Amino acid sequence: MDAASAAPLRRRRFEVSQELYRRITLLNTAVLVLILTTGATVRLTGSGLGCKHWPGCQAGQPFPTKNYHSYIEFTNRILAAIIVFVTLGAWLAALIAPKVPRWVKWVALLVFFGTAAEAPLGAVTVYYDLNPYLVQSHFVLSIAVLTLAAIVSVDAFDLRGAAVSSGVRGIAVAVAALTAVMVVSGTLATAAGPHAGSIDVRRIWDLHSAVYWHVRATALFGLLFAYLLWKFSREKSEHYERGLLVLGVLAVQMVIGEIQYRTHLPWGIVLVHVTLSGVLWVAMTAWVAGMFRPSRMA
């Protein structure tokens with residue numbers, strides 16, 4: 001066998017199958033939702049300053065020894081470190097999987113770098129005693145990384161839909177942007193309430209003002225989202241069925257949100273609400289991204 005014919009065989013030896021690649025991208029997205037949940041657990045249990053040093057928990061002591069707050073914070077750090085390696089694996093899989101577009105490989109690399117950047121940002125946040133702006137930037141970076149990971153998964157599973165007009169795409173982007181506003185304003189509401197991360201953390205807003213803007217962002221989102229569903233239902237578009245899945249997640253999250261507000265924000269219910277916000281964001285990202293990836297048959 002000559003060198004020219006042996007080269008493709010060597011490349012195939014290091015390839016991952018399309019099915020395995022899809023599973024890796026799905027795992028990558030799922031663990032990034034998980035880290036949102038564990039990070040929210042740190043805040044909701046008041047464990048943000050459970051470990052006041054980094055990477056060790058206390059000065060001269062790498063492992064937690066104080067109380068359950070330190071164990072919760074340190075567990076979140078361990079999971080975050082593991083997830084960095086998961087995102088690294090997802091990028092490497094994108095490099096060796098067949099027919100992965102070059103731009104997707106770059107996006108997967110950004111997911112890895114963004115996830116790795118959470119560690120030093122988290123350290124700075126702790127050293128500045130959970131400055132609320134640093135805490136919020138920590139969360140926003142998590143959402144940005146989750147968005148990119150979801151886009152990689154959308155491409156891996158080849159989620160394509162019927163072609164839509166540029167006007168409809170513009171409305172879809174506005175709906176996605178309002179979803180982001182809902183998610184971020186929801187975290188501001190959490191920070192303004194009784195679960196700011198530690199008893200000594202100052203608030204950016206008062207709870208009433210934070211909830212005020214969160215509810216209004218939700219109302220505007222609802223109007224545009226309902227319009228898109230109505231339009232797709234009239235056209236009998238497959239985007240309608242996918243939109244119903246997004247609506248299902250949204251409906252559950254809104255019910256949980258109402259329950260948490262009326263029961264004075266017990267942290268366990270708030271945690272479910274935060275987790276669902278991550279799931280909602282992934283679903284919305286996939287739905288909107290499908291409109292920018294029209295079916296090859298269209």
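The values are calculated or read from the model by the stated rules, or taken from the named source; none is laboratory data. Everything numeric in this text was worked out from a predicted model, so none of it was measured. Because the Cβ atoms are built from the backbone with ideal geometry, glycine has one as well, and the counts that use them run over all protein chains shown. Ligands, DNA and RNA are stripped out before the accessible areas are found, and what is left, the full protein with its side chains, is counted by its heavy atoms. Shrake-Rupley method; radii C 1.70, N 1.55, O 1.52, S 1.80 Å.
Here are the numbers:
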| item | result |
| --- | --- |
| Tally of residues being within 18 Å of Gly268 (Cβ to Cβ), open to solvent by 70 Å² or more (accessible area, probe 1.4 Å) and of a type outside the set (Phe, Trp, Tyr) across region 43-76 | 1 |
| Selection within region 149-158 - assigned to a helix (DSSP H, G or I) and more than 23 Å from Val272 (Cα to Cα) | Ile151, Val152, Ser153, Val154, Asp155, Ala156 |
| Any hit, region 196-209, residues being open to solvent by 40 Å² or more (accessible area, probe 1.4 Å) and either in a helix (DSSP H, G or I) or at pLDDT 90 or above (or both) | yes |
| The listed residue being part of a helix (DSSP H, G or I), aliphatic (A, V, I, L, M), modelled with pLDDT of 90 or more and closer than 24 Å to Ala144 by Cβ, out of Leu224, Leu229 | Leu224 |
| Filter result (surrounded by 19 or more Cβ atoms within 10 Å (Cβ to Cβ) and under 20 Å from Val175 (Cα atoms)) within region 248-272 | Leu250, Gln253, Gly257 |
| Total residues in region 159-187, condition part of a helix (DSSP H, G or I), open to solvent by less than 40 Å² (accessible area, probe 1.4 Å) and modelled with pLDDT under 90 | 8 |
| Filter result for Ala81 (surrounded by fewer than 16 Cβ atoms within 10 Å (Cβ to Cβ), of a type in the set (A, V, I, L, M) and either on the phi < 0 side of the Ramachandran plot or not in a helix (DSSP H, G or I) (or both)) | yes |
